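Reading through the structure tokens given below for one structure.
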Amino acid sequence: MTEASEKTERLIASVERAVAVLRVLADAPSDLGTNEIARRSGTNASTVSRLLATLAKDDLVARVPHSGRYRLGLRMIQLGHAALSRVDIRDAVRPHLIALTEITGETATLSVPGQESTMTVDFVQSPSSVRSVAALGRPGVPHATSIGKVFLAYGGRLPPGPLPALTDRTVVSRAQLAKELAVVRNRGWAEARGEREADLNAVAAPILDHRGELAAVLGVQGPASRFDDTAMRAAADRLLERAAQLSSGFGLTKPGDTL
């Protein structure tokens, strides 16, 4: 191996470690110290300390003065908004989100697929005082959400290892999940009943591009006490209608055309 190739590999490894640090901070519900970041990212503390100092220089992370802990920096907000502004599909889907919320009374969401999961890029909140709260940039849980099941049914892959149980209704059997994904592909929409959060139900449908590949996912979610079987079925019908219109814009007649 040449000196140049060794240097390239070292640079790639360092970027991967920096990304791991950013992911740990993004997933954490509160500020974290250097040792905890090191533990969660699987990197030694001295390396993490140097990475944090480098990231902080450009405000990608911020050190909390009184505690010495770290959080994501304001620069990340700027980068996030810049990335979202280039997701043109939001402009096309926004009217459909508004209509879905008006029709169902529940929160409607738009998510886009990534390498390992999906991410929420737009939503319209339910007008009800008791409602499901969406958040921009929130990653999906593939095996425990309706949006995640659409992601898996239309080409996404689960990471190796056991499937974590988030509630007592989470599907943790890969065989059982495979059967459910076959149903999703057959009927064109997915559901989740108290699987990520015990009191949250949701349905989702795919938006496919001209190649028949997953471009985005439309979702409707609401409190289980109100968003029951009847409401979920009605919402799924509306989702299929909207997803068909949007998929048509990508060159398909309806989401099921490629199945």
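Here is a check on your reading of the model: is residue 109 of a type outside the set (A, V, I, L, M), outside any loop (DSSP other than H, G, I, E, B) and in the same structural domain as residue 197 (by TED's automatic domain parsing)?
So residue 109 fits the description; yes.
Quick one: how many residues across segment 142-165 are surrounded by 19 or more Cβ atoms within 10 Å (Cβ to Cβ) and either in contact (Cβ under 8 Å) with a residue 40 or more places away in the chain or farther than 25 Å from residue 72 by Cα (or both)?
13
Going by the structure shown, is residue 155 touching a helix residue (DSSP H, G or I) at 6+ places or on another chain (Cβ under 9 Å) and part of a loop (DSSP other than H, G, I, E, B)?
no
Can you tell me how many residues in segment 174-201 are more than 19 Å from the chain's Cα centre (by Cα) and part of a helix (DSSP H, G or I)?
Residues in segment 174-201 being more than 19 Å from the chain's Cα centre (by Cα) and part of a helix (DSSP H, G or I): 11 in total.
Any residue in segment 47-75 that's without any contact (Cβ under 8 Å) to a residue 40 or more places away in the chain: show its pairings with residues that are of a type in the set (S, T, N, Q) and in a helix (DSSP H, G or I) at Cβ separation under 6 Å, as long as the two are six or more apart or on different chains.
48/34; 49/34
The values are calculated or read from the model by the stated rules, or taken from the named source; none is laboratory data. Computed from a prediction, not measured in an experiment: that's the story for all the values here. Using ideal geometry, Cβ is built from the backbone for each residue, glycine included, and neighbour counts are taken over all protein chains shown.
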